[in-house]
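First the structure, in the form of structure tokens, and then the observations on it.
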Amino acid sequence: MDQRQFEQAAAQVRRQIVAVAQRTGIDGDDAEDVAQDVMLRLWNLRADIDTPAALAALARRAARNRSIDLLRARRTVPLGPDDDRASHPSPHDQLEHDEALRWLEQRLAALPATQHEVLRLRQVERKTHAEIAAILGIQTASVATLLARARRSLLEEIRKRNES
């Protein structure tokens, strides 16, 4: 599927992705985040997708899987104080954790200021796209774009780190 065909089918496919996410139990801005993630993945795979029907089928499957992943991540149960691993990590585990945290903080600091702020407001403060737009004085559509760019940049850095 070439770029023109992909772009023609993208709006309809995006609506389908949001609908799948909402049927799975994801609401509002999180459904939009699922759509953004899935559309980015589909864009990267566009050369391997033959028809609009194949695009739609792949989009629905990817949306369902991403939504389930998001729901599972919300259900994580923190380790209790009676769990020995929670209160006494091994020195090696603590060292790895500290190093990974420093690495992530460096990558976050390297992001452009607006991308960093949008990512912080969304991921840490759990603000909606509309709230972030109001806080930063930008368009709501720009929030989604900046958030996607920040996430994509961090994902690329993580991939580079994991390859080495």
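Numbers below:
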quantity	calculated
First in region 90-111 and closer than 19 Å to Leu146 by Cβ, second anywhere and surrounded by 10 or more Cβ atoms within 10 Å (Cβ to Cβ) and among the charged types (D, E, K, R), Cβ under 7 Å, 6 or more apart	Arg107/Glu157
Considering residues of region 17-47 that are more than 23 Å from Ala73 (Cα to Cα) and in contact (Cβ under 8 Å) with a residue 12 or more places away in the chain only, the residue surrounded by the most Cβ atoms within 10 Å (Cβ to Cβ)	Arg46
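Every number in this text was worked out from the coordinates using simple rules, so none of it is lab data. Computed from a predicted model, the values in this text were never measured in an experiment. Here Cβ is always computed from backbone atoms with ideal geometry, including for glycine, and neighbour counts include all displayed protein chains.
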